[in-house]
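Written below as structure tokens is the structure these notes are about.
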Amino acid sequence: MKKQLWVIGLCIATCLPSGWSQRMEIIQTSQSTSDRLTSKGVVEFVNTGQPEESSLCIFVDYRHTFQEFIGIGGAFTDAAAETFYKLPANKQQEILTAYFDRTQGIGYSFGRTHINSCDFSSYSYAYVNDPADTLLKTFSIEVDKKYRIPFIKLALERTHNELKLFASPWSPPAFMKTNNDMLHGGKLRPEYYRSWALYYVKFIEAYKKEGIPIWGITVQNEPMAVQRWESCIYTAEDELNFVKNYLGPQLKKSGLLPSLRLMIWDHNRNLAFHRANAILSDPQAAQYVWGTAFHWYVGDNYDNIKRIHEAFPDKGLVFSEGCAYPFSWENVKQWHYGEKYGEAIIHDLNNNTNAWTDWNLILDEKGGPNHVDNYCLAPIIADTRTGEVYYMSSYYYIGHFSKYIRPGAKRISCSSMTDDVLATAFINPDKSIVVVAMNQTDRDIDINVWIDGKSAPVKMSAHSIVTGLIKKL
């Protein structure tokens, strides 16, 4: 019996030389079927010539390359680590495999963690609590050694130490702030600028001593938001001053630059260009900054990321946080959350983003732990009462990128003829070509996949995402 093949409702056209396979493997995740990162076999290309104008096509050209891909991953929060260690040993191994194994899982290669506590901690804490200790002699990460550091070490082991990890502070210690509180905004007191700059160095050195290299840091998580959880306000002028005169020089003095990637902003796309322009236009500040980090919580504003790249093409771009909310068991089952991830990843990558980071790796049956009840969703939800683990649609959608687009890949030219199908394409270090396409409509989309004057008929299911793999011979 002939096996039915499912492929993208579109065309892919590129000048594909004889050095590549003339077959494309199709991997699909679909709402209407049981397909979850399921291989649907291969499609072969036959000579057909110029596509008709009425055809639905995605055009890909490997000769035009763009940004280098660094990785995709999620956040090692206290909540994720605590939830992980409340599970039975076999479920812990299942989660490690699901996230970090390239064959049986989705091959995460990137991650984030926090400096001091964040909302997704069980309580607020800092690594220094003595206002007189300006040299940070009492600095200690002992609190992280219970759950978070062991969890990160397991992930590093699973990725053969190839996981790249960046860290972000939600708040300095309360005594360093104008409101004497780690929560509810406030600002960094000028008399503690030097101590706070040194704090980052102490964190990086302490984690290195634990066998955890820190790839990068952001200056401040969400610097324009007064939150009921850990937060600290930096205007553009504040962040410019701190980076140029304190943090940048301290990192350089400590020998951490340029190998450590310093990122600014770390807040929503809507103001990302304004903040990047304010800091990166200053050469004295820009010399210390590797790139700009951003979130998704206020509007899409994808063009703002493109504008940053246009203005500062030598600087990197990292999507540093996004999550779905609010938490409910009904929402855990919702398909559209996966589509939100797929849409954001495609747009961000197509606008020159180098790396993409989800928020919590795992959360419990309440969408926590969270010490201010700011519960949300995660791609993997674990019921710590029963030991059961649930995979949201977002897990599979993210996997269509993270499993197949590998660190060191280059984005290649990719253009869709229809707004109904979003797509992006990359060429991996091994020269394999990866095309990821997403159909958010309620109907199947029939198309031809075009490569170098050859095409293959394909059907993409309604509400599905597909990855096409073309191997180098």
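The values are calculated or read from the model by the stated rules, or taken from the named source; none is laboratory data. Bear in mind the structure is a predicted one, so any value in this text is a computation, not a measurement. Virtual Cβ from ideal backbone geometry, glycine too; neighbours counted across all protein chains shown.
Values computed for the structure shown
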quantity	calculated
Within the stretch 1-48, tally of residues that are at pLDDT 85 or above, surrounded by fewer than 19 Cβ atoms within 10 Å (Cβ to Cβ) and farther than 24 Å from Gly107 by Cα	3
Residue ID - nearest to Thr178 (Cα to Cα), chosen from residues in the stretch 224-261 that are surrounded by 24 or more Cβ atoms within 10 Å (Cβ to Cβ) and not acidic (Asp, Glu)	Cys232
Selection count where residues are under 14 Å from Ala344 (Cα atoms) and not in a loop (DSSP other than H, G, I, E, B), scope the stretch 281-316	7
Residues of the stretch 269-282 that turn out to be in contact (Cβ under 8 Å) with a residue 40 or more places away in the chain and not charged (D, E, K, R), as a count	3
All positions within the stretch 324-366 that are in a loop (DSSP other than H, G, I, E, B) and more than 22 Å from His267 (Cβ to Cβ)	Phe327, Ser328, Lys333, Gln334, Trp335, Asp364, Glu365, Lys366
Within the stretch 29-47, tally of residues that are closer than 16 Å to Tyr391 by Cβ, touching a residue at least 40 places away in the same chain (Cβ under 8 Å) and among the hydroxyl-bearing types (Ser, Thr, Tyr)	3
Verdict on Gly71 being in contact with a Phe, Trp or Tyr (Cβ under 6 Å, 6 or more places away or on another chain), surrounded by fewer than 22 Cβ atoms within 10 Å (Cβ to Cβ), closer than 18 Å to Tyr397 by Cα and modelled with pLDDT of 85 or more	no
Single residue of Asp133, Asp144 found to be assigned by TED's automatic domain parsing to the domain that holds Asp364, crowded, with 18+ Cβ neighbours inside 10 Å and over 20 Å from the mean Cα position of the chain (by Cα)	Asp144
The stretch 247-262 residues that are closer than 13 Å to Ala285 by Cα, paired with ones that are part of a loop (DSSP other than H, G, I, E, B) and of a type outside the set (Gly, Ala, Ser) (beta carbon under 6 Å, 6 or more apart)	Gly248/Tyr288; Leu251/Leu257; Leu262/Tyr288; Leu262/Val289; Leu262/Trp290
The stretch 327-377: number of residues that are touching a helix residue (DSSP H, G or I) at 6+ places or on another chain (Cβ under 6 Å) and farther than 22 Å from Ala81 by Cα	9
Test: Ser320 is in the same structural domain as Tyr123 (by TED's automatic domain parsing), within 17 Å of the chain's Cα centre (by Cα) and outside any helix (DSSP H, G or I)	yes
Criterion (basic (Lys, Arg) and in a loop (DSSP other than H, G, I, E, B)) met by exactly one of Lys137, Lys202, Lys244	Lys137
